[in-house]
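See structure below.
The values are calculated or read from the model by the stated rules, or taken from the named source; none is laboratory data. From a predicted model like this one, the values you see are computed outputs, not experimental measurements. Here the Cβ is made from the backbone with ideal geometry for all residues, glycine too, and neighbour counts use every protein chain on show. Remember, those area values only see protein heavy atoms, side chains included, never the ligands or the DNA or RNA. Shrake-Rupley method; radii C 1.70, N 1.55, O 1.52, S 1.80 Å.
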Amino acid sequence: MNTIELTPDNYKDHFPTELIACTYAYSGAMGEGGRIQFMDKKGKLYHLNYCYGPHEWDDDILNEIFPFDKCTPGIIDSGGAPEYWNTYYMGAGNFLYIHDSILEAFEKRKQNIDCLLYRDWETIVKSIVEVTKR
């Protein structure tokens, strides 16, 4: 499935949806600084870049999509997450938020790959989506 590129003009065509995972990168993070990705319970993946992309994103719009105003990402740890969400620090300024509805399955699948979470989170979450579709 292809990633859906979000813009301030098209995000309402896709949201609200039931999100189960979200990644957030500081502007100076390793990888794509400013990247935000979302995955919904159907396995659709959405992408935007809040600081280096071609679009300007208002904080109010971002908070419509995901409660970023309730997040407190740390500098060298996972920080805090909004209610019903759990945060993981993936290193180098990158964070992952996992919804309570898939937390147990996510924890089981990630047991031996903590150091590779940045690379493997999408595969893990998609595997959970595939099981719940059956």
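Quick look at the values:
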| quantity | calculated |
| --- | --- |
| Residues of the stretch 82-105 that turn out to be over 24 Å from residue 34 (Cα atoms) and without any contact (Cβ under 8 Å) to a residue 24 or more places away in the chain, as a count | 3 |
| Scan of the stretch 1-16 for residues that are under 14 Å from the mean Cα position of the chain (by Cα) and open to solvent by less than 50 Å² (accessible area, probe 1.4 Å), ordered by number | 4, 6 |
| Residue 62 being at pLDDT 95 or above and surrounded by 12 or more Cβ atoms within 10 Å (Cβ to Cβ) | no |
| Filter pass, residue 73 being touching a Lys or Arg at 6+ places or on another chain (Cβ under 7 Å), within 23 Å of residue 103 (Cβ to Cβ) and modelled with pLDDT under 95 | no |
| Scope the stretch 28-42; condition closer than 17 Å to residue 130 by Cα and open to solvent by 10 Å² or more (accessible area, probe 1.4 Å); matching residues | 41, 42 |
| Neighbours by Cβ (under 9 Å, 6+ apart or cross-chain): first from the stretch 51-66, over 11 Å from residue 15 (Cβ atoms); second open to solvent by 100 Å² or more (accessible area, probe 1.4 Å) and part of a helix (DSSP H, G or I) | 63/70 |
| Of the criteria (1) of a type in the set (S, T, N, Q); (2) out of contact with any Gly (no Cβ under 6 Å at 6 or more places or on another chain); (3) at pLDDT below 95, which one residue 101 fails | (3) |
| Single unsatisfied condition, residue 122 versus (1) free of Cβ contacts under 8 Å to residues at least 60 places away in the same chain; (2) open to solvent by 40 Å² or more (accessible area, probe 1.4 Å) | (1) |
| Residue in the stretch 24-37 that is among the hydroxyl-bearing types (Ser, Thr, Tyr) and under 20 Å from residue 127 (Cβ atoms) present | no |
| Close pairs from the stretch 20-49: first on the phi > 0 side of the Ramachandran plot, partner part of a strand (DSSP E or B), Cβ under 7 Å, at least 6 apart | 31/25; 31/94; 34/25; 34/49 |
